[in-house]
1. On each of the three principal axes of the Cα atoms of the stretch 395-501, give max minus min coordinate, whole Å, ordered largest first.
2. Could you work out the relative contact order of the stretch 483-595, using alpha carbon pairs under 8 angstrom and six or more residues apart, expressed as a whole percent?
3. Percent of accessible area on the stretch 12-164 owned by carbon and sulfur, 1.4 Å probe?
4. When the dipole is taken about the Cα centre of the stretch 139-284, and only Lys, Arg (+1) and Asp, Glu (-1) are charged at their Cβ, what size is it in debye, to the nearest 20?
5. Starting from the eigenvalues of the Cα gyration tensor, five times each then square-rooted, give me the equivalent ellipsoid semi-axes of the stretch 149-277, largest first, whole Å.
6. Give me the extension gain from M223 to S55: residue separation times 0.36 nm, minus the current Cα-Cα distance, reported in nm with one decimal.
7. With θ set to phi - 60°, apply the Karplus curve 6.51 cos²θ - 1.76 cosθ + 1.60 along the stretch 490-495 and write out the HN-Hα couplings as whole Hz, x wherever there is a Gly or Pro.
8. From the backbone phi of the stretch 204-218, what are the Karplus-calculated ³J(HN,Hα) couplings (6.51 cos²θ - 1.76 cosθ + 1.60, θ = phi - 60°) in whole Hz, Gly and Pro given as x?
Amino acid sequence: MPDPNATESMLTETRRFAPPADFAARAHVKSMAQYETLHARSIAEPEAFWSEVASELHWFKPWDTVLEWNLPDAKWFVGAQTNLCYNCIDRQVDAGLGDKVAIVWEGEAVGDGPGGGPEVLKLTYHDLLGRVSRFANVLKARGVKKGDVVTLYMGMVPELAVAMLACARIGAVHSVIFGGFSAQAICDRVEDGKSKLLITCDGSWRRGKVVPLKANVDQALTMTDRVKDVIVFNRCNAGVPMIDGRDHDWQTLVDAAPADCPAEPMDAEDLLFILYTSGSTGKPKGIMHTTGGYMVHTYLTAKLTFDLKADDPDELYWCTADCGWITGHSYILYGLLPNRCATLMFEGGPNHPAPDRFWDIIERHKVTKFYTAPTAIRAFMKWGDEHVEKHDLSSLKVLGTVGEPINPEAWVWYHEKIGGGRCPIVDTWWQTETGGHMLTPLPGATTTTPGSCCRPMLGIDMAVVNSDGQEVPNNTGGILVCRKPWPGMLRGIYGDRGRFVETYWSKVPGMYCPADGARIDPDGNFWITGRIDDVIVVAGHNLGTMEVESALVSHRAVAEAAVVGFPHEVKGTGVAAFVITQGELPEPGSDAAEQLKKQLIAHCGQELGPIAKPDQVRLTTALPKTRSGKIMRRLLRDIAAGHEITSDVSTLEDKGIVETLQRG
Ligand code: WTA
């Protein structure tokens, strides 16, 4: 009989890491007991809890009601007025902190910094106020009004932050498109958001080359005539053609704009931004976030997850995400600046000019809190420890990860090599839709286990349930849900009410369903087992594809792995593994290749039990990823099944890879 609790044997990592005592003593939350008391109270009295958090920020008008909840519609801080840009900037300037550094920007080294080195710009809160106010006046002069959608398609220059904050200042709704997306993606999003104004750059620097942003915009705008004005920031001196009447030079407009622009009082539930995220099928969803709740949630989570210290003059936080993703919105800008901390933004890639770029930046700027993705960590592991070892990383205090599960091997490497064994790691689970962190360790309180994102954030009521909404026993796989509304929750999908209800509120009655599977271990820690659609049922067993991946990458010959199901005659679904090898790829079909495949199959059997043994192993040099770094599992499923490729591969970074995988 197949054991329905097969996942129980799958805890491959049992090491525990307690917060260092001296760190805990100074942290906002100092112990597990304190966390548990705070969390219990935040769930029992959510309105009191969230209104206390909100009171730490600036409101033009206080709320009448903390929460109005008509499932699936939440209204937070009803009747209140605030402005997120004001809370990011003016509140600090008003408190006499105008000279404090708000943004540290490091450009890709293109030889124009002092001595040909990297180009660095530091903006104080006062500088930022000036730049944002002027640009807000530029937008107003072009006719942008409260509620209008402004599209941003820019590189990681400070002007991107300025443009986002300027929109928030006047109540315009920004829709940021990641600079790696194509003309078609720009066109689709402009159309969906009915956006009349677009802000871009001539290009952006990435690994010594210019990404042709303006050319992509020009191409997109041949497919839609919605956009009337394009503002172009000149980053690369690319000499791009400008269309008379439509295209305007950023600097010329800014130079002519008045310096003063008061922040617009916004209703707490006024739309703040839309951000597109891909769904399981069809066109991207424009996730809607509103002003007050999103502000309060990102402020609190940034503060607690990274243990941010406004009064520490050395505090310098760095999140390596792009502002085109939710991580950049929430944890480069909006959660950080209201915490009165300095946030570092960088342009370019992690391995240009050399594979030590991140460690070099951390050493030179003395970064204290660092937040990146497991994929990046695994890439650094592969590039070799020597790039890390030549740098002094002793300024670091907390390390974070986001976006995908981190396999225990990468976690331990991050902890030892980057954190010197002394920095707590926060593995943060959340989504574009949740606005901010939902599950995460708190660095001064939580004893962590590599691979687990540990506990719910304060005020967040997460559980693992079956499809009736009943909690499942410990160590049993189930559906991850949030049972209560929270301030940063999405308020809808732009222009598609039906899809909002169907996608998030129809799988489990009365609860928010993010479409991730999870289990809770006997210590109360959450483990994400993969997207619900990535769970495969092999011979009657539920198997999290991510758990098999984790087992594979624990083998010394494996750098990265992706696992999918494919139709199998006997088992219903078989397990297919796509594996990037550590070092050189053995010749396809050679003895060495076949040997290695056998070893990997045996290794999975050992780590997880026989049911998890892959039926197919394909060795490769790369995995098909979208530009946002997500593995295209649909494509892998087609390849594993030997089907014709039906997936849209237009968003693939490297198109030649499909053939390599088929041969694999
Ligand atoms: C996955 C990124 C495991 C998950 C902030 C989620 C994670 C989706 C983690 C959201 C994590 C994110 N451990 N899985 N720490 N963080 N995910 O919208 O499947 O780009 O549903 O938001 O990424 O991706 P999104």
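1. Extents along the principal axes: 49, 34, 23 Å.
2. Working: 139 pairs, mean separation 15.6, N = 113.
Relative contact order, the stretch 483-595: 14 percent.
3. Numbers: 3410 of 6540 Å².
After summing per-atom areas, the C and S share lands at 52 percent.
4. Numbers: 17 positive and 18 negative charges, 77 e Å.
Dipole of the stretch 139-284, to the nearest 20 debye: 360 debye.
5. On the way: eigenvalues 102, 64, 41 Å².
Ellipsoid semi-axes (Å, largest first): 23, 18, 14.
6. Values: separation 168, 0.36 × 168 = 60.48 nm, distance 4.66 nm.
Length gained between M223 and S55: 55.8 nm.
7. Computed from phi, the couplings for the stretch 490-495 are 4, 9, x, 9, 3, x Hz.
8. Rounded to whole hertz, the list is 9, 7, 8, 6, x, 10, 8, 7, x, 4, 5, 4, 5, 5, 4.
The values are calculated or read from the model by the stated rules, or taken from the named source; none is laboratory data. Just so we're clear, the structure is a prediction, and the values are computed from it rather than from any experiment. Ideal geometry is used to build each Cβ from the backbone, glycine not excepted, and the neighbour counts take in all protein chains shown. Just so you know, the surface numbers come from the protein's heavy atoms only, side chains and all, with ligands and any DNA or RNA stripped out. Shrake-Rupley method; radii C 1.70, N 1.55, O 1.52, S 1.80 Å.
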